[in-house]
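Everything on this sheet refers to the single structure shown next.
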Amino acid sequence: MNTFTVPRSQGTYADTLMALGLGRLLAALGPSEKVTVRLDAAQDAFRLSTEQNVALPSGVPLRLYEYIKKDGDSSAPTDAFDYEYEKERRDRFFKWRKENKGSTELPDNLEHPRPDYSLYSSLVDMLKPVNTSGYATAYRELASERFASHVQVALEALGGDPSRQEGSLAERAERSLKKHLKGNKTNEVSIVQIFNPMTGKGMNAPKANSIGMGKEKAPLMLEALKYTGWFIGAVAVTPKGSKDLKVLVVQPTDIEVGTLGRVMNEFRQNFMGGGAIQVDILAALTLTETLLRHDEHKTFRRGRPRDLLSGFQTAYFQNLGNAKGVTNISFIALPAWVRLEAENADEQRRAWLEVLAEHRLSIRNLDESHSEERNLLEKYREFLSGQDVRAFLDFLSDYGPHMLRQADRGKFARWMTTEHIGRVLNHMGRNDITSIISDSGFQNVAGAIRRATRTALYARKFGNDRTYDVHYGLAQELKRSAVTKTRFMAALSDFLTEYMTENLRAADRGKRERTAVTTEDLLQAGQLLDEHDPQMVAMLLIAYGYAKEPREETPGLEAVTQPETETQLEADMEEQA
């Protein structure tokens with residue numbers, strides 16, 4: 001056989017882990033290491049294919065994943081992952097970095113910790129004790145002479161087209177178990193929730209008939225595939241300020257398994273967590289950046305990154321004191337608006353990397369423990385999950401005014417830029433948005449909003465220039481009045497009247513004069529309101545008005561000290577994870 005199917009029967013990342021683990025097994029068994037995994041949406045399953053038929057193993061058993069050794073485990077193999085050693089090495093590294101902030105020269109007696117350390121530490125936390133868990137049991141069993149029989153169970157259960165086979169995956173696996181492992185008492189292991197978020201200790205059936213508090217069992221080989229897939233596609237994060245655990249597993253759309261593994265290794269080296277909401281957003285943005293940069297194997301030359309990897313399936317494990325329980329299962333998609341065309345692909349790649357970096361740094365600059373900033377993060381996540389223009393505009397129309405308040409308090413404000421906002425909006429498939437933001441009247445009115453808010457604030461705060469007032473509540477007034485075009489036009493006219501009055505007053509005193517807003521600009525704004533939803537126009541004006549122009553020099557901006565450098569912030573978040 002060279003075609004295999006993993007049904008998405010659980011609807012969680014458990015199915016994805018099994019598919020990725022099967023991909024690694026097939027690559028190890030086949031004459032060619034190339035195994036492609038595709039998401040078949042019509043059949044709700046993962047399809048895996050190899051270039052040549054897969055043969056059963058002979059000779060030395062294959063090692064699919066690493067054994068985790070803790071102190072006192074005398075049965076651990078010599079090449080096991082030494083958890084205590086890796087933990088001590090990691091602690092020494094972060095202790096040194098805390099004591100030597102800003103230093104880049106690493107002493108000879110220190111090593112960088114493994115980027116996949118959290119994958120092991122989370123299992124140590126969830127599989128207690130590790131050496132007697134199903135994870136360790138499966139490792140020992142697959143290292144025995146029965147390895148080939150266990151592999152055959154997986155190949156028969158998952159091989160071919162399931163629509164032409166009798167029974168469910170569980171039934172096919174059961175038949176193969178009886179056929180190849182008859183009399184073997186270790187052909188099943190207990191299901192563990194970290195690999196199967198919908199299944200835990202207790203009731204796991206729709207009807208409570210004869211259900212005890214014991215753990216559900218599953219074929220050893222099928223669970224071992226999930227253990228294998230864990231190290232290919234999973235990310236384990238402790239959200240900032242908590243003792244909880246968030247697990248994210250990448251969902252393939254159409255990619256070769258070996259390439260996916262390399263992409264995820266790069267991703268783990270670059271990914272920095274944060275709060276629970278930030279983790280979702282930053283994971284999606286960082287993975288998109290990783291795919292754009294991954295040129296070594298020509299992974300992504302045109303199209304959308306999500307055509308290779310669609311996003312992350314996630315599960316949130318809340319700390320309950322003596323255990324962790326699942327409280328949320330969700331999916332975070334990669335942005336659909338990132339796309340490379342055949343022409344000028346490298347130039348487009350650079351432009352999108354700049355956009356993604358701006359979004360990522362803006363999200364990291366928000367503090368999830370503050371309700372206002374948490375609300376901003378929720379709006380951005382809604383935009384990213386649903387690829388919704390309105391959600392993005394809702395975020396931007398609140399983000400700009402929030403940054404203005406930050407700057408007014410003397411805090412570091414990271415502004416979005418008009419160029420990057422426009423690039424995202426122009427690639428979201430909304431012609432009405434493109435026509436609005438390209439209108440000269442719109443651009444001139446947005447420029448007036450910018451000069452009356454952020455430019456006036458920086459001039460006053462750092463240049464002691466009080467020529468013009470700072471219109472602090474302008475964004476709120478424009479949003480509040482946008483219920484009808486008449487009310488919005490009245491509010492906009494009131495602002496522009498004040499703006500031009502300030503201009504005339506400044507000119508009368510011989511002060512510098514700002515760019516004027518003309519009657520033609522006001523007429524074009526009125527035409528936009530006749531043709532489009534006033535709320536859409538209002539949010540776009542606020543988004544552009546509070547954003548920074550690409551070449552704009554903000555007076556005194558260098559005087560604002562960012563609380564932490566990017567390197568320090570990364571260090572703290574990496575240590576947290």
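The figures follow:
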{"quantity": "Subset of the range 48-61 (residues that are at negative phi and without any contact (Cβ under 8 Å) to a residue 12 or more places away in the chain)", "calculated": "Val60"}
{"quantity": "Qualifying positions in the range 28-47 - free of Cβ contacts under 8 Å to residues at least 60 places away in the same chain and on the phi < 0 side of the Ramachandran plot", "calculated": "Ala28, Gly30, Pro31, Ser32, Asp40, Ala41, Ala42, Arg47"}
{"quantity": "Top-ranked residue in the range 387-397 [being out of contact with any Lys or Arg (no Cβ under 7 Å at 6 or more places or on another chain) and surrounded by fewer than 21 Cβ atoms within 10 Å (Cβ to Cβ); ranked as farthest from Ala284 (Cα to Cα)]", "calculated": "Arg390"}
{"quantity": "Verdict on His427 being modelled with pLDDT of 95 or more and surrounded by fewer than 20 Cβ atoms within 10 Å (Cβ to Cβ)", "calculated": "no"}
{"quantity": "Hits in the range 207-238 - residues which are outside any helix (DSSP H, G or I), of a type outside the set (Val, Ile, Thr) and at pLDDT 95 or above", "calculated": "Ala234, Ala236"}
{"quantity": "Test set (1) in a loop (DSSP other than H, G, I, E, B); (2) loosely packed, with under 13 Cβ neighbours inside 10 Å - Lys95 fails condition number", "calculated": "(1)"}
{"quantity": "Boolean, Thr467 is among the polar types (S, T, N, Q), at pLDDT below 95 and part of a helix (DSSP H, G or I)", "calculated": "no"}
{"quantity": "Tally of residues being surrounded by 14 or more Cβ atoms within 10 Å (Cβ to Cβ) and touching a residue at least 40 places away in the same chain (Cβ under 8 Å) across the range 98-115", "calculated": "1"}
{"quantity": "Matching option when the condition is over 22 Å from Leu478 (Cβ atoms), free of Cβ contacts under 8 Å to residues at least 40 places away in the same chain and surrounded by fewer than 18 Cβ atoms within 10 Å (Cβ to Cβ), among Glu419, Glu341", "calculated": "Glu341"}
{"quantity": "Conditions (1) closer than 17 Å to Tyr546 by Cα; (2) in contact with an Asp or Glu (Cβ under 8 Å, 6 or more places away or on another chain); (3) of a type outside the set (S, T, N, Q); (4) buried (at least 21 other Cβ atoms within 10 Å of the Cβ): number failed by Leu377", "calculated": "(1)"}
{"quantity": "Enumeration of residues in the range 248-268 that are part of a helix (DSSP H, G or I), touching a helix residue (DSSP H, G or I) at 6+ places or on another chain (Cβ under 9 Å) and either of a type in the set (Asp, Glu) or over 20 Å from Leu384 (Cα atoms) (or both)", "calculated": "Val257, Gly258, Leu260, Gly261, Val263, Met264, Glu266, Arg268"}
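The values are calculated or read from the model by the stated rules, or taken from the named source; none is laboratory data. Everything numeric here is computed off the predicted structure, so don't read it as measured data. We place every Cβ from the backbone using ideal geometry, glycine too, and count neighbours over all the protein chains shown.
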